[in-house]
Amino acid sequence: MAPLLRLTDVRKAFGDNVVLHDVDLEVEHGQCVVLIGASGSGKSTLLRCINLLETVDDGVIELEGEEITDPRVDADAIRSRMGVVFQSYNLFPHMSVLDNITLAPVRVHGVDKATAQREARAMLERVGLGEKATARPDDLSGGQQQRVAIARALVNRPALMLLDEVTSALDPELVGEVLDLLGQLKSEGMTMILNTHEMGFARQVADTVCFLDGGRILEQGPPDQVLLDPQQARTRQFLSRIHA
Amino acid sequence: MAESSTSAWAPSQRQLERERYRRSRSLRSTLIAGVSTLAVLAVAVTALVTSPGWPRVQETFFSWDKAVEAFPDILQGLWLNVRIMVGCGIAIGLIGISIAVLRTLRGPVFFPLRAFATAYTDLFRGLPLLLLIFLLGFGVPALRLSGLPSSALFWGCVALVLSYSSYVAEVFRAGIESVHPSQRAAARSLGLTYAQSLRHVVLPQAVRRVVPPLMNDLVSLQKDSGLIAVLGVIDAIRAAQISTAADFNYTPYVVAGVVFVSLTIPMARLTDWVARRQGFHGAGGMV
Ligand SMILES: Nc1ncnc2c1ncn2[C@@H]1O[C@H](COP(=O)(O)OP(=O)(O)O)[C@@H](O)[C@H]1O
Ligand SMILES: [Mg+2]
């Protein structure tokens, strides 16, 4: 079977600034890939390219065997097969929590409103926010907002979840509630690519850890290998700075 | 539970003393404000009434009998102004938002639309409204093109709509651009199309933010609807002018001024109220 996602020689530049060089990556069904690397190393850009929020300058990205970097594909339809969660939550402030979650099912997936609301409520229960359906995003804590954002992505039954530093904006005591939820998703078999500075969490959930440096995947492998016994000097340097 | 905890609390001596002080301060401020307002008014009225020309001004501008005589016609004219404001207001809102959306389109494919929208705002914001009213109100009917309405009222309204929609478009555009790009990214990442993101995510937030300045434009439109009097349409101002012409008594103008102000004041208060409510929601802990 083809991997769920395959990147081959992906390149992305902003003007003269080449942000991704020849990136190769394979993600199998149910796998969790964790991207680590210094700020500016291209982790967010990689996720945005996979979600077609950015257009790659070269190389191929395939989702379930289909090339999605082909300009003839319907980018909106491709995006609707992935769930994205951002560092800054990006909930829609003018809508209730429930409306945030039902927007895509109703408008993109053609689910009728009553069904969408029922599913949204079930999803809110699942992320532990059953009583917050009618709240406004601004009335929630950061951890709660991020869990709503995760619910909003999950309700569309994505084949793949892309999570960009989803705990970086949170107060330390709220990080745990979001990581617990991600751990639970992983154990249920959700395929995820996430980018995080939580090395303990990375070791726990990752099947593969990729270390990005200057837009290249310098090292990739099982978490214990990359995080505990890195082969590259740059990786060791990065990890020692994180742990210091 | 909350009740028992409040009933257990009694303000301390220090707090009672603070409140007494605040009350006496605010009483004093109110007194000072009241007395000074009265003093200024008294001086102004005295200066006016004792001025050498006052008896004549009173007769030609503030004649009660003339006011009573002109009032019904002016009020009827005002009804036209109100209808113009409502009808044009709706058209202005729709056209303004469309032009704003065209101006924010990205990509070379949309260049012609973007260029059209830019030219539209540049042209109609630049032309003095009165000039536009003259050009359209007298010019177009004179062409006698079949199929086009020839009423001066219609073309006066078109002039108002063109001019105001170009202002309003810029207000909407500022609102659209004030919505953070991450909101659009979030919408697109959910699979919403460009148009759906605009419709459900960007525009609702943009419109909310620009309601106070738009209300301001509406007050202004209400006033400027009086300009189409130059086309001979009988609105409140034209009605006043007709009544004035009979005996060169200018009281009807004063009456028209009063009815316009009494219409715009509630609008202005409504604007303040909306702005306050928005500010409160938008800025969170704003004092
Ligand atoms: N929209 C953009 N325009 C120009 N440069 C960008 C843009 N987005 C990211 N970059 C640049 O790409 C590089 C990688 O950024 P990013 O992917 O956000 O890194 P990371 O997520 O690893 O911190 C940085 O040098 C950044 O300045
Ligand atoms: Mg980043």
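Listed by position, the helices (runs of 4 or more DSSP H) contained in region B:87-190 that have at least 2 residues being free of Cβ contacts under 8 Å to residues at least 24 places away in the same chain are B:111-126, B:140-143, B:152-178, B:181-189.
Looking at region A:44-84 only, could you name the residues that are polar (S, T, N, Q) and away from ligand 1 (no atom under 16 Å from the Cβ)?
Restricting attention to region A:44-84, the residues satisfying the condition of being polar (S, T, N, Q) are A:44-45, A:51, A:55, A:69, A:80.
Within region A:44-84, A:69, A:80 qualify.
Here is the figure for region A:35-70: residues that are more than 16 Å from ligand 2 (Cβ to nearest atom), part of a loop (DSSP other than H, G, I, E, B), touching a Leu at 6+ places or on another chain (Cβ under 8 Å) and within 14 Å of another protein chain (Cβ to nearest Cβ) total 1. On the stretch given as region B:194-204, residues that are modelled with pLDDT of 95 or more and within 7 Å of another protein chain (Cβ to nearest Cβ) total 3. Of the residues making up region A:150-174, those that are among the polar types (S, T, N, Q) and within 16 Å of ligand 2 (Cβ to nearest atom) number 2.
Of all residues in region A:145-178, those that are buried (at least 22 other Cβ atoms within 10 Å of the Cβ) and more than 14 Å from every other protein chain (Cβ to nearest Cβ) total 3. I need a count of the residues in region A:1-34 that are within 10 Å of ligand 1 (Cβ to nearest atom), in contact (Cβ under 8 Å) with a residue 40 or more places away in the chain and in a loop (DSSP other than H, G, I, E, B). Adding up the residues that qualify gives 0.
Does region A:71-106 hold any residues that are within 8 Å of another protein chain (Cβ to nearest Cβ), aliphatic (A, V, I, L, M) and touching a Pro at 6+ places or on another chain (Cβ under 7 Å), and which are they? Selection gives A:82, A:91. Within region A:164-220, track down each residue that is touching a His at 6+ places or on another chain (Cβ under 9 Å) and away from ligand 1 (no atom under 16 Å from the Cβ). Within region A:164-220, A:189, A:191 qualify. Within region B:50-68, being within 11 Å of residue B:254 (Cβ to Cβ) and not in a helix (DSSP H, G or I) holds for B:62, B:63.
I need a count of the residues in region A:107-138 that are more than 10 Å from chain B (Cβ to nearest Cβ) and in contact (Cβ under 8 Å) with a residue 12 or more places away in the chain. Working first, answer last.
Here is the first cut: in region A:107-138, the ones more than 10 Å from chain B (Cβ to nearest Cβ) are A:110-135, A:137.
Within this subset, residues satisfying the condition of being in contact (Cβ under 8 Å) with a residue 12 or more places away in the chain are A:116-117, A:119-121, A:123-124, A:126-129, A:132-135, A:137.
Final tally of qualifying residues: 16.
Residue selection: residue B:228 fails the criterion of being away from every other protein chain (no Cβ under 14 Å), over 17 Å from residue B:105 (Cβ atoms) and outside any helix (DSSP H, G or I).
The values are calculated or read from the model by the stated rules, or taken from the named source; none is laboratory data. Only a predicted model underlies this, so the values are computations on that prediction, with no experimental measurement involved. All Cβ positions, even for glycine, are placed from backbone atoms using ideal geometry, and neighbour counts span all protein chains on display.
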